[in-house]
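Novice: Below you'll find the structure I mean.
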Amino acid sequence: MTALLLTIFFVLLIAGAPVAVCLGLSAAVVIVSEGLPVSVLAQRSLNALDSSPLLAVPLFIFAASLLNATGVTTHLFDLVRMVLGRIRGAVAQVSILVSLIFSGVSGAALADIGALGKIQIDQMTRQGYRPEFAAGLTVAAATIGPIFPPSIPIIIYASVANVSAVQLLLAGIVPALLLTALLMVQVAVLARVKSLPRDTIAARPADVARKAAISFPALLAPVLLIGGLMSGYFGPTEVAGVTVAYALFIGVFIYRSLTLRGLFEALKDTTTATANILFVVATAALFAWVLTLDQVPMKVSALLLGLTENPLLLLLLVNILLLVVGMVLESIAAILIIAPIIAPALTMAGVDPLQLGIVFVLNLMIGLLTPPVGMSLYMITIITKMPVTRVIAGVMPFFIPLLLSLLVVSAVPALSTWLPETLMNTP
C-alpha cells in the first residue's frame, strides 16, 4: 500500500503537478484500489479541517494583509533606520529587525516577503548594496516569521502532533530572537569584510520621536498578541480575532489609510491564501491517513528507536531528514505528512514535544530557501525579476546563521521549553 502511494506521489510530483494534487490523488487511488468506500475521501478530508486552531490561519493572514494595506511597514522601516543611525550595514540590520517586528503579526515567511520584500530590497539597493545580497538577506530574514508567534506552521504542527498550540507558540520566541541575533552578527561581519554601505538617513531626535509616535500603534500589535497568549486568557484563535479587530481599528481610526478597496483586496488575498493552505491540509491528512492505515508511523518509530535511543542523535537524524524533505516538499504538506510519523518516536525517546516542534518548523523554513521547491526563492525572483541562480548566490552566506541556530536549538532544549514552562507553570 505504502509503495503504491509513494510511487504515484513522486510520479505526479516529477510530472509537475501541484503538491496538494499529488497528495490527494495518490491517496485516492490507493483508497479505491484497496476497496475502501469512496466516502472516506470526503470524510477524512473534512475531519482534518474541523479544527479550532486552524481557524487562526485565515485570521492571521487577514490581519497581516490589513496592516500591510495601511502602510505601516514603511513607517516601521523608517523608524528602525532612524534609531540605528549611520553604522556600516545599517539598512541590512534594519531589514532583519523589521522582519522580526512584522513577524509578530504575519505568521508566515511568504507573507513577510510579500509585505516587506520590495521595500527592503529597494532600500538596500538604493544605498548601494548588490541586488543579490539584498534579495538573499530578505529571504533569510523571512524565516524568522514562522518561528516567532503567531506562526501558521506552528499552529498546524500543534494540531497534528497534539501539542498545546499556545505553549508551542511561546516556545518559538527565544529561538526566533536567537535567529535574529545570529543574522545580525553575520551582517556585522559582512559589513566589515565587504565594506557594506553606511545609511544616508539623517534624523534629529525630534524626527525620531515623531516617527516613533506614528509607528507606535503598529509596534503595539505584536505586544498585544504575545501578551494575550502569555496571559492564558486567549488561545491562538481568540488572539487572531483580536489582532484582526486591532488591525481594522488602527487602519480606519488611527492611520485612516485603510480604504474600502484596500479592505476588499485584503479579503481577496486572505481567501486565496487560506484556500491554498487548507487544500494542502485536507489532502495531506488523507495521505497521512493511508500511511497510518499501513502502520507506517509504528514501523518508523521502531526503526528510529532501533538505531538509537539517544534524544540528541535522534534529533540529528531528524534534522538531516527534514532538511532533505524541505528541498522537495512544501512546508505545510511536510508537517502534515511527517510529523505524525516521527513525533511519537522522538517523544518516546525523551525529546521534549515543544523542542521537537520548533526544530521541525525551523528545518522546514530553511527548506524554503533551498531548490527545487524553495518557495521563498521563487517569490523573491517574482518581486525582483532576478534569476533564481543569483538569488541563491545571495542567500548562501546566510545559511551559516540559519544552520547554526538550528544546531543550537537542537542541542539546548531549554531554549524552546524555558519560556512556556516559566509563564504557564507547565511540568
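Novice: Tell me which lysines have Cα within less than 22 Å of LYS194's Cα, excluding those fewer than 8 residues away on the same chain?
Specialist: Answer for LYS194, where 22 Å is the Cα cut-off: none of the lysines qualify.
Novice: To test your reading of the geometry: what angle, between 0 and 90 degrees and rounded to tens, separates the Cα axis of helix 39-49 from the longest principal axis of the chain?
Specialist: For helix 39-49, the angle is close to 30 degrees.
Novice: Let me ask another. Which angle between 0 and 90 degrees, to the nearest 10, do you get for helix 296-307 versus the longest principal axis of the chain when only C-alpha atoms count?
Specialist: 80 degrees
Novice: Using the Cα centre as the reference, give the magnitude of the dipole from point charges on the C-beta atoms of the chain (Lys, Arg: +1; Asp, Glu: -1; all else neutral), rounded to the nearest 20 debye. Don't skip to the end; give the middle numbers.
Specialist: Numbers: 19 positive and 16 negative charges, 318 e Å.
Once rounded to the nearest 20, the dipole reads 1520 debye.
Novice: While we're here: Highest first, please rank the peptides 397-403, 408-414, 305-311, 375-381 by the mean number of other Cβ atoms sitting within 10 Å of their residues.
Specialist: Numbers: 397-403: 18.7, 408-414: 17.0, 305-311: 12.9, 375-381: 20.9.
So the peptides 397-403, 408-414, 305-311, 375-381, ranked by packing, come out 375-381, 397-403, 408-414, 305-311.
Novice: With springs only between Cα atoms under 10 Å, which of ASN68, ASN162, ASN363 fluctuates most in a Gaussian network model of the chain?
Specialist: For the chain, modelled as a Gaussian network with Cα springs under 10 Å, the answer is ASN162.
Novice: If ARG126, ARG88 are ordered by their accessible area, calculated over protein heavy atoms with a 1.4 Å probe, which sequence runs from highest to lowest?
Specialist: Working: ARG126 165, ARG88 90 Å².
My answer, sorted largest first, is ARG126, ARG88.
Novice: Run the reach check for LYS211 against aspartates and glutamates, Cα to Cα strictly under 15 Å, same-chain hits fewer than 8 apart removed. What comes back?
Specialist: ASP78
Novice: Roughly what would the spin-label model give for ALA181 and ALA15, points 7 Å off Cα along C-beta, in nm?
Specialist: Those two pseudo-labels are separated by 5.0 nm.
Novice: Starting at the first residue of the stretch 252-258, write each ³J(HN,Hα) from the Karplus equation 6.51 cos²θ - 1.76 cosθ + 1.60 with θ = phi - 60°, in whole Hz, x for Gly and Pro.
Specialist: Computed from phi, the couplings for the stretch 252-258 are 8, 9, 9, 6, 6, 10, 8 Hz.
Novice: What ranking of TRP418, TRP289 comes out by heavy-atom accessible area, probe 1.4 Å, highest first?
Specialist: Of TRP418, TRP289, the descending order of accessible area is TRP418, TRP289.
Novice: Which whole-number percent gives the relative contact order of the stretch 1-113, counting Cα pairs below 8 Å spaced six or more residues apart? Walk me through the intermediate numbers first.
Specialist: Working: 50 pairs, mean separation 21.4, N = 113.
Over the stretch 1-113, the number comes to 19 percent.
Novice: Let me ask something else about it. Please identify, among LEU316, LEU258, LEU55, the residue showing maximal mean-square fluctuation in a Gaussian network model of the chain using a 10 angstrom Cα cutoff.
Specialist: Highest fluctuation among the options: LEU316.
Novice: Would you kindly state how much longer the chain becomes between ALA411 and LEU321 on full extension, computed as 0.36 nm times their sequence separation minus their alpha carbon distance, in nm to one decimal?
Specialist: Working: separation 90, 0.36 × 90 = 32.40 nm, distance 1.67 nm.
Full-extension gain reported as 30.7 nm.
Novice: Calculate the FRET efficiency for PHE253 and ALA302 from the Cβ-Cβ distance with a Förster distance of 51 Å, rounded to the nearest 0.05.
Specialist: Values: r = 59 Å, r/R0 = 1.15.
In this case the efficiency is close to 0.30.
Novice: Evaluate the charge dipole of the stretch 250-320 about its Cα centre and quote only its size in Debye, nearest 20, assuming +1 on the Cβ of each Lys and Arg and -1 on the Cβ of each Asp and Glu. Please report the intermediate quantities before stating the final value.
Specialist: Details: 4 positive and 4 negative charges, 65 e Å.
In debye, rounded to 20, the stretch 250-320 gives about 320.
Novice: Ok, one more. In Å, what is the Rg of the alpha-carbon atoms in the stretch 182-296, and how long is Dmax?
Specialist: Every Cα atom of the stretch 182-296 included, Rg and Dmax give 21.9, 67 Å.
Novice: Which log10 I(q)/I(0) values does the stretch 40-105 give at q = 0.13, 0.20 Å⁻¹ under the Debye formula, counting every alpha carbon as one identical point scatterer?
Specialist: These q points yield log10 I(q)/I(0) values of -0.54, -0.82.
Novice: What list of ³J(HN,Hα) couplings, whole Hz, do you get for the stretch 357-363 from phi and the Karplus terms 6.51, -1.76, 1.60, once you set θ to phi - 60° and write x for glycine and proline?
Specialist: Once θ is set to phi - 60°, the couplings for the stretch 357-363 become x, 5, 4, 4, 5, 4, 4 Hz.
Novice: Using θ = phi - 60° and the Karplus form 6.51 cos²θ - 1.76 cosθ + 1.60, what ³J(HN,Hα) does each residue of the stretch 127-135 get, whole Hz, x for Gly and Pro?
Specialist: Once θ is set to phi - 60°, the couplings for the stretch 127-135 become 7, x, 6, 5, x, 5, 5, 4, 5 Hz.
Novice: Rounded to the nearest 10 degrees, what's the angle between the helix 152-161 long axis and the longest principal axis of the chain, both from Cα atoms, 0 to 90?
Specialist: Taking Cα atoms only, the helix is inclined about 30 degrees.
Novice: Just the number, please: Stokes-Einstein D of the chain in µm²/s, Kirkwood Rh from C-alpha pairs, 37 °C, 0.692 mPa s.
Specialist: Translational diffusion coefficient: 148 µm²/s.
Novice: Report the gain in length on full extension from GLN43 to LYS118: 0.36 nm times residue separation, minus Cα-Cα distance, nm rounded to one decimal.
Specialist: Working: separation 75, 0.36 × 75 = 27.00 nm, distance 4.20 nm.
That works out to 22.8 nm of additional length.
Novice: What order, most packed first, do the peptides 135-148, 267-280 have when packing is the mean number of other Cβ atoms within 10 Å of each residue? It would help to have the intermediate numbers written out before the result.
Specialist: Details: 135-148: 28.9, 267-280: 16.4.
Output ranking for 135-148, 267-280: 135-148, 267-280.
Novice: Check which residues have an amide H placed less than 5 Å from ARG88's amide H, if you skip close sequence neighbours.
Specialist: The list, which skips near neighbours in sequence, is empty: none.
Novice: Once you put a point 7 Å from the Cα of THR389 and another 7 Å from the Cα of ARG198, both along the Cβ direction, what distance in nm separates them?
Specialist: 3.7 nm
Novice: Shifting gears a bit: Percent of accessible area on the stretch 1-155 owned by carbon and sulfur, 1.4 Å probe?
Specialist: Details: 3440 of 5270 Å².
Taking all protein chains in place, the stretch 1-155 shows 65 percent carbon and sulfur surface.
Novice: Mean 1/r over all different Cα pairs, inverted: what Kirkwood radius does the stretch 1-146 give, in Å?
Specialist: On the way: mean 1/r = 0.0545 Å⁻¹.
About 18.3 Å, per the Kirkwood formula over Cα pairs.
Novice: Which of ALA240, SER257, MET348 sits closest to the plus end of the dipole of the chain, meaning its Cα is farthest towards the positive end, when Lys and Arg get +1 and Asp and Glu get -1 on the C-beta?
Specialist: Ranked along the dipole, the leading option is SER257.
Novice: A further question follows. Which net charge results for the neighbourhood of ILE121, defined as the other residues with beta-carbon distances under 12 angstrom from its beta-carbon, given Lys and Arg at +1 and Asp and Glu at -1?
Specialist: Details: positive: LYS118, ARG126, ARG130, LYS385; negative: ASP122, GLU132.
Combined, the nearby Lys, Arg, Asp and Glu give +2.
Novice: Moving on to the next point. Roll a 1.4 Å probe over the protein chains and send me the accessible area per residue for the chain in Å².
Specialist: Details: 17550 Å² over 427 residues.
Computed with neighbouring chains in place, this is 41 Å² per residue.
The values are calculated or read from the model by the stated rules, or taken from the named source; none is laboratory data. A quick note: this is a predicted structure, and the numbers were derived from the prediction, not measured. Because the Cβ atoms are built from the backbone with ideal geometry, glycine has one as well, and the counts that use them run over all protein chains shown. Quick note on the areas: whole protein, heavy atoms, side chains included, nothing else; ligands and nucleic acids left out. Shrake-Rupley method; radii C 1.70, N 1.55, O 1.52, S 1.80 Å.
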